[in-house]
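The values are calculated or read from the model by the stated rules, or taken from the named source; none is laboratory data. Quantities reported herein were computed from a predicted structural model and do not represent experimental measurements. A quick note on method: Cβ atoms are made from the backbone with ideal geometry, for glycine too, and the neighbour counts reach across all protein chains shown. Please note that ligands, DNA and RNA were not included when accessible areas were found on the heavy atoms of the full protein model with its side chains. Shrake-Rupley method; radii C 1.70, N 1.55, O 1.52, S 1.80 Å.
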Amino acid sequence: MLNDNLPTDAQILPFYLANGSDDVALIRGRIASVGGPASTILERHNYPSLVANLQAEALALTACLTSTLKFDGVFTLQAKGDGLVRTLFADITEAGHLRGYCAMEDNPSGLQGATLAHDPSGAVRLGPLLGGGYIAFTVDEGSTNGRYQGIVELDERYLSDAAMRWYENSEQLDTVVICAAGQGRNGWQAVALMLQRIAAEGGSDAGRVLPKSGADARAASDDTWHTAKTLLGSITRDELLDPALTPENIIFRLFNSMAPHSAPARPVVDHCRCNVDKVEAMLAQLEPDQIDDLADDNGNLTVTCEFCKTDRVYHRDAILQP
Ligand SMILES: [Zn+2]
């Protein structure tokens, strides 16, 4: 098969669905399965399990939502709340370099209650962890097309709801997103799946024929969209997180009546973009008294990357007299 060369828990698989009677793609979809990179990312942090679960969902969702990034693009999901979790962050580059981190309140006393209230058969509810605030979805096309951002209030129940709201506001295309994460015996599984109705205006998309406009075509498209959403609703969380089911298995089992076609899968890897040059440029901006405040008794200053937890140690003298 086309996608056998990539690990099944570290890929984004784009696909198309038709109405079965012809080969016209009416729906585009993507399934991101990122349990592999999520496991190594989460291993480096010591999050309480509910927070780790939310982070894993954010990683899967971020990988799933990235769509048409240019060669140096970055897609970012960043939630800012006033609850136990102050920041929830995940980003991915066009090359599939995924990273993320959470920042928590210093003494998250409500965590036990939130954990007890969590239903392990469902997604993590945003309210008990993040409180009030917002989620920003940012597409940064790097040097080519600039940057655009959509903001969604933190009043949605789940991360996937917030993503759907973002699509509703920004693209006005019918979109449905589901997302699940869980820790198994062999690490994390984290999967997100999205379906989006292709605008009925003719033309072509990734080499596939698109629907013509017209009342009949619209009715057929409505039907197909309804069927696809119903089929998507039939998958259980356990199936979505079953390590024995590859992303391709899931799509072909779920949508076998809708002529599923997959495109080549794209890899997702645990890879941080921090580097020595960026750290040293940041240190060069500090005033001498700030450096002294940050240095330990031996004059050493440790800079820890909040994403990948890499420590870089500098002596104050080396920073002050480079
Ligand atoms: Zn890093």
Sole exception among (1) of a type in the set (A, V, I, L, M); (2) modelled with pLDDT under 90; (3) within 30 Å of residue 105 (Cβ to Cβ) for residue 173, by number: (3)
Single unsatisfied condition, residue 298 versus (1) away from the ligand (no atom under 16 Å from the Cβ); (2) under 36 Å from the mean Cα position of the chain (by Cα); (3) part of a loop (DSSP other than H, G, I, E, B): (2)
Residue that is farthest from the ligand (Cβ to nearest atom), among those in the range 301-322 that are buried (at least 16 other Cβ atoms within 10 Å of the Cβ) and over 26 Å from residue 92 (Cα atoms): 316
One residue from 316, 312, 237 being in the same structural domain as residue 62 (by TED's automatic domain parsing) and charged (D, E, K, R): 237
Looking only at the range 210-241, and only at residues there that are farther than 19 Å from residue 255 by Cα and not in a loop (DSSP other than H, G, I, E, B), the one that is modelled with the highest pLDDT: 219
Members of the range 225-274 that are charged (D, E, K, R) and in contact with a Lys or Arg (Cβ under 9 Å, 6 or more places away or on another chain): 239, 270, 273
Residue match in the range 77-86 (condition: among the β-branched types (Val, Ile, Thr) and either in a loop (DSSP other than H, G, I, E, B) or within 15 Å of residue 272 (Cα to Cα) (or both)): no
Number of the condition not met by residue 182 [criteria: (1) touching a Ser or Thr at 6+ places or on another chain (Cβ under 7 Å); (2) at pLDDT 95 or above; (3) small (Gly, Ala, Ser)]: (1)
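I want to confirm something. Restricting to the range 262-289 and keeping residues that are in a strand (DSSP E or B) and charged (D, E, K, R), which single residue is farthest from the ligand (Cβ to nearest atom)?
266
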Residues of the range 131-165 satisfying the condition of being in contact (Cβ under 8 Å) with a residue 24 or more places away in the chain and assigned to a strand (DSSP E or B): 133, 134, 135, 136, 137, 138, 139, 140
Some residue of the range 107-124 being surrounded by fewer than 17 Cβ atoms within 10 Å (Cβ to Cβ), within 16 Å of the ligand (Cβ to nearest atom) and in contact (Cβ under 8 Å) with a residue 60 or more places away in the chain: no
Whichever residue in the range 72-105 is among the charged types (D, E, K, R) and more than 15 Å from residue 129 (Cβ to Cβ) and, among such residues, is modelled with the lowest pLDDT: 72
Test result for residue 128, open to solvent by 50 Å² or more (accessible area, probe 1.4 Å), out of contact with any Leu (no Cβ under 6 Å at 6 or more places or on another chain) and not in a loop (DSSP other than H, G, I, E, B): yes
